[in-house]
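**Q** Just passing along the structure, written as structure tokens.
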Amino acid sequence: MIRIDKENYYLDIAETVLERGTCLRRNYGAIIVNNDQIVSTGYVGAPRGRKNCIDMGVCVRETLGVPRGERYELCRSVHAEANAIISASRTEMIGASLYLVGKDAKTGAYVENAAPCSMCKRQIINAGIVRVVVRLDKENFHVYNVQQWIEDDESLSGKFGY
């Protein structure tokens, strides 16, 4: 038996979390880990008490043909990263890693070039999280150094990197 590496272990957990997602387009699961302890989890879903897209059977952004990475204000959902951050105390997040997995809601395929949006990046920076690990496929992942996001401030250049 081959033992799974820690990065994929946490990514597998994030992938399980995404199964709670309620988006009709893409579902993401996120977990925040600090000192080998899971601090919190989050998935894509409407704010508490509001109807989810899967319950309504419609995605406004999809209906309007909004491309990926644009017009998030039209979306009913709170992103997985934001939900994980909301559920944790800042002291637990300082120095932590956030693990993120995204899948297409219709096909189940991993989201290509998955990365936090500019709003989630800002929340990750403010939370004190130092690295973000994003699954590319079942075994491969990309690690983002949050300090690089601080230094390469896309809000000054207009390059948002969706």
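So that you can scan it fast, the table gives a plain yes or no per residue for (1) in contact with a Cys (Cβ under 9 Å, 6 or more places away or on another chain); (2) under 26 Å from Leu74 (Cα atoms); (3) modelled with pLDDT of 95 or more; (4) not hydrophobic (A, V, I, L, M, F, W, C):
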| position | (1), (2), (3), (4) |
| --- | --- |
| Ala14 | no, yes, yes, no |
| Glu19 | no, yes, yes, yes |
| Arg26 | no, yes, no, yes |
| Gly29 | no, yes, yes, yes |
| Ile32 | no, no, yes, no |
| Ile38 | no, no, yes, no |
| Gly42 | no, yes, yes, yes |
| Ala46 | yes, yes, no, no |
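**Q** Right, next: Could you list all residues from the stretch 84-98 that are outside any loop (DSSP other than H, G, I, E, B) and of a type in the set (Gly, Ala, Ser)?
**A** The answer is Ala84, Ser97.
**Q** Here is a further query. Residue by residue through the stretch 102-119, note down the ones that are assigned to a loop (DSSP other than H, G, I, E, B), surrounded by 13 or more Cβ atoms within 10 Å (Cβ to Cβ) and either in contact with a strand residue (DSSP E or B) (Cβ under 7 Å, 6 or more places away or on another chain) or modelled with pLDDT of 95 or more (or both).
**A** If the condition is that a residue be assigned to a loop (DSSP other than H, G, I, E, B), surrounded by 13 or more Cβ atoms within 10 Å (Cβ to Cβ) and either in contact with a strand residue (DSSP E or B) (Cβ under 7 Å, 6 or more places away or on another chain) or modelled with pLDDT of 95 or more (or both), then Ala105, Val111, Ala114, Ala115, Pro116 are the ones that fit.
**Q** Of all residues in the stretch 22-68, how many are crowded, with 17+ Cβ neighbours inside 10 Å, under 21 Å from Tyr110 (Cα atoms), touching a residue at least 60 places away in the same chain (Cβ under 8 Å) and not β-branched (Val, Ile, Thr)?
**A** 8
Matching residues to (1) assigned to a strand (DSSP E or B); (2) aromatic (Phe, Trp, Tyr); (3) surrounded by 13 or more Cβ atoms within 10 Å (Cβ to Cβ); (4) out of contact with any Leu (no Cβ under 6 Å at 6 or more places or on another chain):
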position	(1), (2), (3), (4)
Ala82	no, no, yes, yes
Leu100	yes, no, yes, yes
Ile129	no, no, yes, no
Val133	yes, no, yes, yes
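Residue by residue, here is whether (1) within 23 Å of Glu7 (Cα to Cα); (2) touching a helix residue (DSSP H, G or I) at 6+ places or on another chain (Cβ under 8 Å); (3) at pLDDT below 90; (4) of a type in the set (Asp, Glu) holds:
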| position | (1), (2), (3), (4) |
| --- | --- |
| Arg61 | no, yes, yes, no |
| Gly65 | no, no, yes, no |
| Leu74 | no, yes, yes, no |
| Ala88 | yes, yes, no, no |
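**Q** Looking at the stretch 61-79, is at least one residue part of a helix (DSSP H, G or I), of a type in the set (Phe, Trp, Tyr) and touching a Cys at 6+ places or on another chain (Cβ under 7 Å)?
**A** yes
The values are calculated or read from the model by the stated rules, or taken from the named source; none is laboratory data. None of these values were measured; they are calculated from a predicted model. Cβ sites come from the backbone with ideal geometry, for glycine too, and all protein chains shown count toward neighbours.
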